[in-house]
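One structure is given here, and the rest of the page talks about it.
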Amino acid sequence: MSIACVKIPHLPLQCAVARAPELRSKLVIIYHGEEARPVVLDASPDAHLRRGTSLIRAMSQHPEAAVIRADEAVYDARWHDVVENLLNVSDRVEDAARGCAFVAIDGLSELYGSQDQTVALLSETTTKHGFESLIGVAPGRFPAYCAAIRAQPYKPISLPSSRTAVREFLAPMPVDILPLDTRAIELMHDFALDTMGDLAAQSVSALQAQLGPDGRRAWELVNGIDPTRLNTIERLQTIIDTLQFPWPVASMDALSFGIRTLLDRAFTSVQRIDKAVGRMDLTCEMSDSEHWNYTHVFKEPTDSAMLAHSVVMTYVETVVQSDASPIRSPIEAISVQLARLGPARAEQSGLWNEHEKGDLDTALRQLSAQLNTKLNTKMSTNMTSSPIKTVVDVEPWSRIPERRQALAEVTSR
Amino acid sequence: MVSNPRKTPSIGGSYQPLNLPMAVQVVSTSDGQPASVTETRKGRAVSSRVEHVIDLWELDDEWWRATSVRRRYFRLLMDTGRVLTVFKDLSSGEWFRQEY
């Protein structure tokens, strides 16, 4: 099996530099974690900082560094886009971690011409998203990873399929890269087995005697034996929609109305294909360019925008009241992704039906249809836009008059 | 698969601000106060003279954003007996009519 490892080194840093190019020439530290004890998520290679180092310690070592709070929702979204594009090259992709994916490329030479051309396509996929990637190709998952971390941007390393060649390639590399328990790695260093070559020179029984199952696995890996199969992801059908406010909103009423409008629209698409939603990801983009993410997995798939809205707003209200609220500034845009679309479940209707709500919905639908028809004959208006509007208080206290109220669409579901 | 519309925000008509400023032509006096206002109504320019400045106030907001809001508002009594609120955008120097 021929596997390519696509690794984007310092993905958070690359995202930060893409957003603020002036950071390119600076030493950058990106942190995350609790307010009380923030830790380093990523940093410029010149800083020689490890992930998880306390921010205070990192700043004391590099007082001149630009310190940035991590925007993990953006890093995840951009990585997701890369993985989506890798799926266009091969249908067997494992999303191992943010910034690291494995792609099965055997058999693709027939399609793309040669293995080199397939690898070039993988490289293009990340370049298209503005990332520099490292690519390693090998007959197994682990050697492919090792090849990737020794590769240079735009210079992929391809290992031959022979086990001896793989063993020779891995020999000078430190044992710390092995995907094993930290205790096992420490024990190897205690035995002066610092490189993979040192390990490969031992007999499998000796390693197994000292390290148990980890010993056997380590011996196999350093000898180029990695039968691990890729845990491939499936391309799922998703519905994504975005709502951009005309200006940043800070009121709960405006946010609630915005979320409701967005969910109504997204769930209408779900109802059209007669499905129900299992998972909802909501992302809010704030005016300071930070993002806030909320994921909800429904106990039972639903096609109700009202239920989704009440779930989101209950959470938002709780979050806003907490001291360490992630919503720190007005919100400019919200987007929702509905995933795990499955068959809709039947629901027993209540004994007391909401007659008035039903009547109102019917009236809205009829009015909307009538007005849309008239408007369409007159001026070819877009059918998807509802002609029925309502005035919503957005920031009634604002000193800027046009920020106080807005006209929003009323949609019937 | 639904293509990712994140890059092309689709809201546009769904959320429409109300009471947006409308451009007007203002002739001002040497001290910067409006002397006459010309509005466009149904494609026709209609001018009226300022009888009296009832009130004036300044608005300086969102200075933390790339484009701050800096306006000087005037509530005017026109010669037609109408009360009109106009403002001068202090960044661009343009005049607008807007209810406050």
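Below 8 Å, C-alpha to C-alpha, sequence gap of six or more: please give me the relative contact order for chain A in percent. Present the calculation step by step, with values, prior to reporting the outcome.
Numbers: 679 pairs, mean separation 51.4, N = 413.
That works out to 12 percent.
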With an 8 Å Cα cut-off and a minimum separation of 6 or more residues, compute the relative contact order for chain B in percent.
21
Per segment A:215-295, sqrt(5λ) over the Cα gyration tensor eigenvalues, sorted largest first, in Å, gives 42, 20, 9
Considering protein heavy atoms only and a 1.4 Å probe radius, which residues within segment B:38-66 exhibit an accessible-area decrease of no less than 30 Å² in the full assembly relative to the chain by itself?
B:59, B:61, B:62, B:65
If the cut-off is 15 Å between C-alpha atoms, which aspartates and glutamates fall inside it for residue A:275, apart from same-chain ones fewer than 8 positions away?
A:264, A:300, A:303, A:347
Taking the dipole about the Cα centre of segment A:197-300, with the C-beta of Lys and Arg at +1 and of Asp and Glu at -1, give me whichever of A:282, A:269, A:208 is farthest to the positive side.
A:269
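Calculate the all-directions average of the projected area of segment A:1-135's alpha-carbon convex hull, and give it in nm².
Values: hull surface 34.8 nm².
Computed as one quarter of the Cα hull surface, the answer is 8.7 nm².
Give me the accessible area per residue for segment A:177-324, probe 1.4 Å, as a whole number in Å². Can you show the working numbers first?
Numbers: 7300 Å² over 148 residues.
For segment A:177-324, the solvent-accessible area averages 49 Å² per residue.
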Could you derive backbone 3J(HN,Hα) for segment A:122-131 from the dihedral phi with the Karplus parameters 6.51, -1.76 and 1.60 (θ = phi - 60°), listing whole Hz in sequence and x where the residue is Gly or Pro?
4, 5, 4, 4, 6, 4, 4, 8, x, 9
Would you kindly compute the Cα radius of gyration of segment A:162-234 and its largest Cα-Cα separation (Dmax), both in Å?
12.3, 43
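Could you state the per residue volume, in Å³, of the convex hull enclosing the Cα atoms of the protein assembly as shown? Let's see the in-between values first.
Values: hull volume 123.6 nm³, N = 513.
Expressed per residue, the convex hull around the Cα atoms of the protein assembly as shown is 241 Å³.
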Say a site is exposed when it is one of the chymotrypsin sites (Phe, Trp or Tyr not before Pro), sits in a DSSP loop, and has at most 11 other Cβ atoms within 10 Å; what is then the longest site-free stretch of chain A?
A:1-351
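Can you tell me the alpha carbon radius of gyration of chain B divided by the globular rule-of-thumb value 2.2 N^0.38 Å? Display every interim value, and only then the final one.
Values: Rg = 17.7 Å, N = 100, 2.2 N^0.38 = 12.7 Å.
Against the empirical 2.2 N^0.38 Å value, I get 1.40 for chain B.
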Give me a comma-separated list of calculated 3J(HN,Hα) values for segment A:169-186, in order, Karplus coefficients 6.51, -1.76, 1.60 applied at θ = phi - 60°, integers in Hz, x for any Gly or Pro.
5, 6, 3, x, 7, x, 5, 4, 6, 4, x, 10, 4, 4, 5, 5, 5, 4
Can you tell me the mean projection area, over all orientations, of the convex hull of segment A:217-258's alpha carbons? Units nm², please.
7.2
Which value, in debye to the nearest 20, describes the size of the charge dipole of chain A about its Cα centre when Lys and Arg Cβ atoms bear +1, Asp and Glu Cβ atoms bear -1, and nothing else is charged?
540
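Find, to one decimal place in angstroms, the Kirkwood hydrodynamic radius of segment A:239-343, where the mean of 1/r is taken over every pair of different Cα atoms and then inverted. Can you show the working numbers first?
Working: mean 1/r = 0.0722 Å⁻¹.
Kirkwood hydrodynamic radius for segment A:239-343: 13.9 Å.
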If you build the convex hull over the alpha carbons only and average its shadow over all orientations, what do you get for segment A:72-187? Give it in nm² to one decimal.
8.3
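For Cα pairs less than 8 Å apart in space and 6+ apart in sequence, what is the mean separation divided by the residue count of segment A:162-234, i.e. the relative contact order in percent? Mind dumping the intermediate values first?
Numbers: 69 pairs, mean separation 26.8, N = 73.
Normalised by residue count, the contact order of segment A:162-234 is 37 percent.
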Expressed in nanometres to one decimal, the distance between label points 7 Å along Cα→Cβ at residue A:204 and residue A:370 is 8.1
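The values are calculated or read from the model by the stated rules, or taken from the named source; none is laboratory data. In this text, all values refer to a predicted model and were calculated from it rather than measured experimentally. Cβ coordinates were reconstructed from backbone atoms using ideal geometry, including for glycine residues, and neighbour counts include every protein chain displayed. Protein only, heavy atoms only, side chains kept; ligands, DNA and RNA dropped before computing areas. Shrake-Rupley method; radii C 1.70, N 1.55, O 1.52, S 1.80 Å.
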